[in-house]
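Enquirer: Have a look at the structure that comes next, please.
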There are 2 protein chains.
Amino acid sequence: MIKIAVDAMGGDFAPKITVLGAMDAVKQFEDIEITLFGDQDKINEFLIAHPRIKVEKTTQVIDMGEKDPIRAIRNNKDSSMVRAMYSVKEGQTQALVSAGPTQAIIAGAHLVIKRMSLMHRVALAPIIPSTDGRGRILLDVGANIELRSEHLLELALYATITAREYLGIKDPKVALINIGSEEGKGRDLEKETFQLLKNHPMINFMGNIEGKEVLSTDADIMLTDGYTGNVLMKTVEGTAKAMGSMLKEEIKSSLGGKIGYLFMRKNLKRFSKRLDASEIGGAMIFGIQAPVIKAHGSSSAYAFKNAIAQARLFVKNDVLNQVNEALEKTLTKEE
Amino acid sequence: MIKIAVDAMGGDFAPKITVLGAMDAVKQFEDIEITLFGDQDKINEFLIAHPRIKVEKTTQVIDMGEKDPIRAIRNNKDSSMVRAMYSVKEGQTQALVSAGPTQAIIAGAHLVIKRMSLMHRVALAPIIPSTDGRGRILLDVGANIELRSEHLLELALYATITAREYLGIKDPKVALINIGSEEGKGRDLEKETFQLLKNHPMINFMGNIEGKEVLSTDADIMLTDGYTGNVLMKTVEGTAKAMGSMLKEEIKSSLGGKIGYLFMRKNLKRFSKRLDASEIGGAMIFGIQAPVIKAHGSSSAYAFKNAIAQARLFVKNDVLNQVNEALEKTLTKEE
């Protein structure tokens, strides 16, 4: 049995969608057992008793607007998130899923579950949509605003194993985000990271990619520091949203547009779904001693179930031990 | 008379579009005189003699694929670009317009025309489209991959005066690109720059903006280092392009889509024009001793004419002297 801790109170629509998502997950996967952490009464409004769902009662919730994530973790020991983290830490469960505030999850994962000893930094790694519908891993999008090249190498190894075991890609291609495609471009960070990636036997490095390729590249993994990744990811979101509203405005601006819309309503619906991340589940937090999945704050039950499915695969395919082995090999080689 | 030097051989469609753009410009503006630098025979294929257009014969062209921009400038003294730069340097003309390779223009502007003594860095500053059609200045998009906070302050002053004198905005709002909107977010660069901008009397600072606001913010000027700005700008371009092709795919995928298209063809055309930069002209190079405008490599004659119009306004409204005055005041205050 794979045991998954779920922060039932995190996210904009908790505990409804977290409970519904958990119920869907145990239906779909015979090999998982879920512990919901949260307000028993509120959970019971939605939960239909199931032999593989337990509830652990907690009294606090970490607020979505929390500004100081470390204080939030320290001052809310009986929150659904922190209690779920302790259950992972103490081995009652093996992975964590939460739709709570991102920075609190990252801080809590650090403080409670702790970093893997061979990973020197953690990273927030969403799977971002692509024009061909495959999805690819982008990291870091904001766990560390500054990273060194050796950190990016460790994270690239983690991402490579994740793409193989979780996305099912045989030899995942890694690309470095940069301001030009040629070797030698970028800041010292990119120049140094380029060399480390190029020379590592376990990394299938395809070189630099520019911002314009983010949705169309062949790469399975796109690597950058947390500042750039955060700006980049939000720029994709913002541009997609702005274009969506401009399209709507133009269609509404004339009778022809409105009639045309009646004919192609379904097409436009499919279009707007193509950059929607909800199919994919959550963002992964790389580098923690257990799999931690951060579901989107506004997740539907379906997206939340997908986040639980992600956590399940991490445990099932033993991603963390594989990462540890890869890092150990890298260290031995360097000595 | 405002005297403008035009690199007639730069860009993908030179000298056809540069010559046609120059002819349109002298028609539209009675107060400009243009000197075209380039291959006399090729220019003559398109040029209709005009009293305010002169031609200076040059024998070399800086290749669009040039990898080493500094070498390109040094080894091509008789190129249309370098000769046009010397004419600005020596005072025969007052501003430069080129659609040649960006990095060569930046290098040449540095080496030949030189930096303003009070500006410690130059920046490449395109005007990027926005959902409301106003356009706003983004900088730096790649002249300097690393900048310090005091450089960003100088560039913000330059941009403020440009937005006022060129875009006609009375009290232009400056925003700092960051990973969160609150004060205190970001790297040391953003934290320090935030304080400098907040405390400068000539800057109307509105705070941090995130990547998702790039197309929808109220800001007139968006400030960041050249690495982030380059990634950000290309991400907007790439996302817009990817969405355009996905929309096309979905529309073509069914009969309903195709029929709908017939009704809303005009609407979709307007939609695809809204993020098109050709209306706007070129990117400005801030910090050089004369106005330098880099037109897009694939500019149409119309876009190239707009780039010439930009150069004209820079000279007419005496932007550089105003920037110098603002920088002098800043220095005096600091002493």
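The values are calculated or read from the model by the stated rules, or taken from the named source; none is laboratory data. As the structure is a computational prediction, the values presented were derived from the model and not from experiment. Neighbour counts run over all protein chains shown; Cβ positions are idealised from the backbone, glycine included. The protein model used for the area step is the full one, side chains on, heavy atoms only, and it has no ligands, DNA or RNA in it. Shrake-Rupley method; radii C 1.70, N 1.55, O 1.52, S 1.80 Å.
Enquirer: Which of the residues spanning the stretch B:88-105 are assigned to a helix (DSSP H, G or I), of a type outside the set (Lys, Arg) and surrounded by fewer than 22 Cβ atoms within 10 Å (Cβ to Cβ)?
Expert: Result: B:102, B:103.
Enquirer: Identify all residues within the stretch B:202-212 that are in contact (Cβ under 8 Å) with a residue 12 or more places away in the chain and either facing chain A (nearest Cβ under 7 Å) or at positive phi (or both); write none if there are none. Before the answer, list the steps.
Expert: Residues of the stretch B:202-212 in contact (Cβ under 8 Å) with a residue 12 or more places away in the chain: B:202-211.
Passing the criteria: B:207, B:210, B:211.
Enquirer: If you don't mind, another one. Out of A:43, A:73, A:62, I need the residue that is modelled with pLDDT under 95, assigned by TED's automatic domain parsing to the domain that holds residue A:309, assigned to a helix (DSSP H, G or I) and more than 20 Å from residue A:310 (Cα to Cα). Which one? Steps first, answer last, please.
Expert: Numbers: A:43 fails: modelled with pLDDT under 95; A:62 fails: assigned to a helix (DSSP H, G or I).
One residue alone meets the criteria, A:73.
Enquirer: Among the residues in the stretch B:276-284, are any part of a loop (DSSP other than H, G, I, E, B) and buried (at least 24 other Cβ atoms within 10 Å of the Cβ)? Show your work before the answer.
Expert: First pass over the stretch B:276-284, keeping only residues part of a loop (DSSP other than H, G, I, E, B): B:276, B:280-282.
Keeping just the survivors that are buried (at least 24 other Cβ atoms within 10 Å of the Cβ) gives B:281-282.
Within the stretch B:276-284, one or more residues are part of a loop (DSSP other than H, G, I, E, B) and buried (at least 24 other Cβ atoms within 10 Å of the Cβ).
Enquirer: Residue B:257 is checked against (1) open to solvent by 10 Å² or more (accessible area, probe 1.4 Å); (2) closer than 22 Å to residue A:254 by Cα; (3) facing chain A (nearest Cβ under 7 Å) and fails just one. What number does that condition carry?
Expert: In the conditions (1) open to solvent by 10 Å² or more (accessible area, probe 1.4 Å); (2) closer than 22 Å to residue A:254 by Cα; (3) facing chain A (nearest Cβ under 7 Å), residue B:257 misses (1) alone.
Enquirer: What is the number of the single condition among (1) facing chain A (nearest Cβ under 9 Å); (2) more than 16 Å from the chain's Cα centre (by Cα) that residue B:273 does not meet?
Expert: Of everything listed in (1) facing chain A (nearest Cβ under 9 Å); (2) more than 16 Å from the chain's Cα centre (by Cα), residue B:273 misses just condition (1).
Enquirer: Scan the stretch B:157-188 for residues that are part of a helix (DSSP H, G or I) and either among the polar types (S, T, N, Q) or out of contact with any helix residue (DSSP H, G or I) (no Cβ under 6 Å at 6 or more places or on another chain) (or both) and report the count. Outline the logic, then answer.
Expert: Of all residues in the stretch B:157-188, those part of a helix (DSSP H, G or I) come to B:157-165, B:188.
Remaining after also requiring either among the polar types (S, T, N, Q) or out of contact with any helix residue (DSSP H, G or I) (no Cβ under 6 Å at 6 or more places or on another chain) (or both): B:159-160, B:162-164, B:188.
Within the stretch B:157-188, residues that are part of a helix (DSSP H, G or I) and either among the polar types (S, T, N, Q) or out of contact with any helix residue (DSSP H, G or I) (no Cβ under 6 Å at 6 or more places or on another chain) (or both) number 6.
Enquirer: Kindly indicate which of B:213, B:183, B:249 is outside the structural domain of residue B:313 (by TED's automatic domain parsing), crowded, with 17+ Cβ neighbours inside 10 Å and modelled with pLDDT under 95. Before you say what the answer is, go through the steps one by one.
Expert: On the way: B:183 fails: crowded, with 17+ Cβ neighbours inside 10 Å; B:249 fails: crowded, with 17+ Cβ neighbours inside 10 Å.
The unique qualifying residue is B:213.
Enquirer: Also: Can you tell me which residue is nearest to residue B:170 (Cα to Cα) among those in the stretch B:215-231 that are of a type in the set (A, V, I, L, M, F, W, C) and within 7 Å of chain A (Cβ to nearest Cβ)? Before the answer, list the steps.
Expert: Step one: filter the stretch B:215-231 for residues of a type in the set (A, V, I, L, M, F, W, C), giving B:215, B:219, B:221-223, B:231.
From what's left, within 7 Å of chain A (Cβ to nearest Cβ): B:215, B:231.
Numbers: B:215: 21, B:231: 30 Å.
Ranking the candidates gives B:215 first.
Enquirer: Answer yes if at least one residue in the stretch A:35-50 is β-branched (Val, Ile, Thr), surrounded by fewer than 17 Cβ atoms within 10 Å (Cβ to Cβ) and without any contact (Cβ under 8 Å) to a residue 40 or more places away in the chain, and no otherwise.
Expert: Here is the first cut: in the stretch A:35-50, the ones β-branched (Val, Ile, Thr) are A:35, A:43, A:48.
Next, from what is left, pick out any that are surrounded by fewer than 17 Cβ atoms within 10 Å (Cβ to Cβ): A:48.
Cutting the leftovers down to without any contact (Cβ under 8 Å) to a residue 40 or more places away in the chain gives us A:48.
Yes, there is a match, as at least one residue in the stretch A:35-50 is β-branched (Val, Ile, Thr), surrounded by fewer than 17 Cβ atoms within 10 Å (Cβ to Cβ) and without any contact (Cβ under 8 Å) to a residue 40 or more places away in the chain.
Enquirer: Kindly establish whether residue B:246 is of a type in the set (A, V, I, L, M) and either in contact (Cβ under 8 Å) with a residue 40 or more places away in the chain or farther than 23 Å from residue A:269 by Cα (or both).
Expert: Details: of a type in the set (A, V, I, L, M): yes; either in contact (Cβ under 8 Å) with a residue 40 or more places away in the chain or farther than 23 Å from residue A:269 by Cα (or both): no.
Answer is no for this residue.
Enquirer: Here are B:11, B:91, B:65: which of them is out of contact with any His (no Cβ under 9 Å at 6 or more places or on another chain) and either on the phi > 0 side of the Ramachandran plot or of a type in the set (A, V, I, L, M) (or both)? I'd like the intermediate steps shown before the answer.
Expert: On the way: B:11 fails: out of contact with any His (no Cβ under 9 Å at 6 or more places or on another chain); B:65 fails: either on the phi > 0 side of the Ramachandran plot or of a type in the set (A, V, I, L, M) (or both).
Sole residue among the options that is out of contact with any His (no Cβ under 9 Å at 6 or more places or on another chain) and either on the phi > 0 side of the Ramachandran plot or of a type in the set (A, V, I, L, M) (or both): B:91.
Enquirer: Which of the residues that make up the stretch A:293-325 are among the small types (Gly, Ala, Ser) and surrounded by fewer than 19 Cβ atoms within 10 Å (Cβ to Cβ)? Please lay out each step first, then the result.
Expert: Our first condition is that a residue be among the small types (Gly, Ala, Ser); within the stretch A:293-325, this holds for A:295, A:297-301, A:303, A:307, A:309, A:311.
Passing the criteria: A:297, A:298, A:300.
Enquirer: Additional query: Report, ordered by the first and then the second residue, all pairs with beta carbons closer than 7 Å, sequence separation of six or more or different chains, a first member in the stretch A:222-240 that is closer than 23 Å to residue B:271 by Cα and small (Gly, Ala, Ser), and a second member that is open to solvent by 10 Å² or more (accessible area, probe 1.4 Å) and assigned to a helix (DSSP H, G or I).
Expert: Going by the 7 Å Cβ cut-off, the qualifying pairs are A:238/B:212; A:238/B:213; A:240/B:243.
Enquirer: Is it true that residue B:263 is aromatic (Phe, Trp, Tyr) and over 27 Å from the mean Cα position of the chain (by Cα)? Steps first, answer last, please.
Expert: On the way: aromatic (Phe, Trp, Tyr): yes; over 27 Å from the mean Cα position of the chain (by Cα): yes.
Taking the combined requirement at face value, the residue satisfies it.
Enquirer: Restricting to the stretch A:145-160, and then to whatever is surrounded by fewer than 21 Cβ atoms within 10 Å (Cβ to Cβ) and within 14 Å of chain B (Cβ to nearest Cβ), can you tell me which residue is nearest to the chain's Cα centre (by Cα)?
Expert: A:145
Enquirer: So if I check each of B:266, B:234, which one is at the interface with chain A (Cβ under 7 Å from one of its Cβ atoms), open to solvent by 20 Å² or more (accessible area, probe 1.4 Å) and in contact with an Asp or Glu (Cβ under 6 Å, 6 or more places away or on another chain)?
Expert: Values: B:266 fails: in contact with an Asp or Glu (Cβ under 6 Å, 6 or more places away or on another chain).
Among B:266, B:234, only B:234 is at the interface with chain A (Cβ under 7 Å from one of its Cβ atoms), open to solvent by 20 Å² or more (accessible area, probe 1.4 Å) and in contact with an Asp or Glu (Cβ under 6 Å, 6 or more places away or on another chain).
Enquirer: For the stretch A:69-82, which residues satisfy the criterion of being under 21 Å from the mean Cα position of the chain (by Cα) and open to solvent by 10 Å² or more (accessible area, probe 1.4 Å)?
Expert: Passing the criteria: A:69, A:70.
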